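Chemist: After the structure tokens below, expect a handful of questions from me.
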Amino acid sequence: MAKARNNSDTGKRRKGEAADRKIKKKVSILDQESVEYIDYKDVNLLRRFMSERAKIRARRVTGNDAKQQREVARAIRVAREMALLPYSVRQVTSRNKGKRDRGGDREGPLRAQDIEMPRPTEGPPEGAAPEPTMPPPQPVEAAPETVPVEAALDAAPVESGDAVAEETSS
């Protein structure tokens, strides 16, 4: 008769054996840094509890207990309301997740690398009018000589006014 194999001998696990493993509890950042009050103005702390897409991370990811998670979520919501944190981050690139571009015949949106741009050639194309050229720059005529300010004031006629009348009367 053949012996019954034990799965632990071969290195394979059954579903019941996975539960025997001890899971290391994640320690909260708030406990590590002994933070007692979560301030909505402490943006650097709150960003550590948010994903790159500005979503609030789950308790199992951050290691917070229920009370800490409520306080963090409340502080993030207030900070978003005060425009200290974003509600969402603008998505620049699309995430395909392997659903497109699998060699199918479907035409997707055009991408910049798919478009074939015409390459520049030497000289104008056949039958095209020659490009207009700019005339060479003309020399600028010299400006007339400037007159010193004192000479201009002496040559200018004096208008009669109250200020001039006062000077002459005194």
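Chemist: Taking helices (runs of 4 or more DSSP H) that do not extend beyond segment 16-65, which have at least 1 residues that are under 20 Å from the mean Cα position of the chain (by Cα), within 28 Å of Val89 (Cβ to Cβ) and not small (Gly, Ala, Ser)? Give the derivation first.
Modeler: Values: elements: 29-32, 43-47, 59-62.
Where helices (runs of 4 or more DSSP H) fall fully within segment 16-65 and carry at least 1 residues being under 20 Å from the mean Cα position of the chain (by Cα), within 28 Å of Val89 (Cβ to Cβ) and not small (Gly, Ala, Ser), they are 43-47.
Chemist: Let me ask another. Select from segment 76-98 the residues that are at pLDDT below 70 and of a type in the set (Val, Ile, Thr) and write down the one among them that is nearest to Asp42 (Cα to Cα).
Modeler: In this case the residue turns out to be Val92.
The values are calculated or read from the model by the stated rules, or taken from the named source; none is laboratory data. Everything quoted here is computed from the prediction, not taken from an experiment. Backbone-built Cβ (ideal geometry, glycine too); neighbour counts: all protein chains shown.
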